Ligand SMILES: Cc1ncc(COP(=O)(O)O)c(C=O)c1O
């Protein structure tokens, strides 16, 4: 067993006295008591605006907020905590980049994404392409649901200025070869942005080792509160970039007609930040560190193999994608049963999964599906969750 104790569920109040089987972790994760306590403590003993107040609780709040930045920086091995920009999550992080990098784009330039992107890493680039005249290009996927890199010269060219790819597909579970693509990006002089929403919650991340230029992620998918996430970027790039939003704290000096900018990262953090949530995210990171990211990856990988094996015994069940390097996200349909009916029946057994297009409509189109069912695993799931899920699926099959 990869985890330090039999079940982590007792740390998560939502599972207390409940038979909830929660398998919608790619959407959002449950919160351990340690995170809830950290958030509550901020509101009860350190609630004052950060970077402004000179009274005691203000200093305390600022210190906790900045310590959280340092904790995130250490967690991903950034070269400095100043490379950590607090955002509301992956979506805001990618929008920040699409808006601030667009002044280097124009007709004749390419933005390269893939067919498996979440809308959060597609729509902002469609908008940037409209604004700038740059073309949006796509890396296709092969029959296993992996990036098709068999003909790299076709996609990676000297016109490619930005490559923006997901680390892990939120539909197929595919783990993309970030290191390899970082090497190609360097060769052709493109900026490489990684959507880490489904990566960082499940595996140890070392941004220096990954070799990308930016890594975006959401706190709520890694046990943290909603409304907080980060954008990591290389300092020399962040320094060159214009701010995203204007407002308080992102300035150095303001006159009636113009302003100068604060230093990185504050230049990108206009207005009151979600400082309470940032401290909650830091508590989530402490929790993950206590368990150990290697143990988490191993646990999820064992559970994913177990789930795939059990699901393969259900007649008519089709799993989408069979990537060699995969995470604990499994999308499937059962012949003759609509995905929405499946989710509704599972809910009667208090089993939570997600169905729909999973904010990846182009991918669903290439799978020729309108809606797929998806289970996604996290650290508190265990074999009994998978057993209950599969038993429930078999019962549902009996009805149809
Ligand atoms: C791969 C991927 N990217 C981006 C997002 C957007 O994350 P958020 O809604 O937290 O900004 C998600 C959310 O499911 C995702 O799975």
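Quick note: the coordinates plus some simple rules give every number you see, no bench work behind them. Just so it is clear, the model here is predicted, and its values are computed rather than measured. Note that each Cβ is placed from the backbone with ideal geometry, even for glycine, and that neighbours are counted across all protein chains shown.
Per-structure values
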| read-out | value |
| --- | --- |
| Share, in percent, of DSSP beta bridges within the chain that are antiparallel, nearest 5 | 60 percent |
| Most mobile of 73, 301, 150 in a GNM of the chain (Cα contacts under 10 Å) | 150 |
| The range 50-170, Rg to Rh (Cα coordinates; Rh as Kirkwood inverse mean 1/r) | 1.11 |
| The range 35-289, relative contact order [Cα under 8 Å, separation at least 6], % | 24 percent |
| Alpha carbon centroid spacing (whole Å) that separates the range 227-249 from the range 79-132 | 12 Å |
| Whether the range 191-255 is rounded, prolate or oblate, judged on the alpha carbon gyration tensor where a/c under 1.5 counts as rounded | oblate |
| Cα centroid of the range 374-397 to Cα centroid of the range 287-317, whole Å | 11 Å |
| Reference-scaled alpha-carbon Rg (2.2 N^0.38 Å with N residues) for the range 177-297 | 1.23 |
| The range 35-289: projected area of the alpha-carbon convex hull, averaged over directions, in nm² | 14.1 nm² |
| MRE, 222 nm, helices only [DSSP H, n ≥ 4, -39500 (n - 2.57), over the chain, to nearest 500] | -11500 deg cm²/dmol |
| Residue-span extension gain [residue 131 to residue 257] - 0.36 nm each, minus C-alpha spacing | 42.8 nm |
| Whole-Å semi-axes of the range 346-396's equivalent ellipsoid (Cα gyration tensor) | 24, 13, 9 |
| Ranked by how many other beta carbons lie within 10 Å on average, peptides 120-127, 217-224, 247-254 from highest | 217-224, 120-127, 247-254 |
| Dimensionless Rg/Rh of the range 1-67 - Kirkwood Rh, Rg from C-alpha atoms | 1.15 |
| Packing-based order for 327-334, 17-24, 386-393, using average beta carbon neighbours within 10 Å, highest first | 327-334, 386-393, 17-24 |
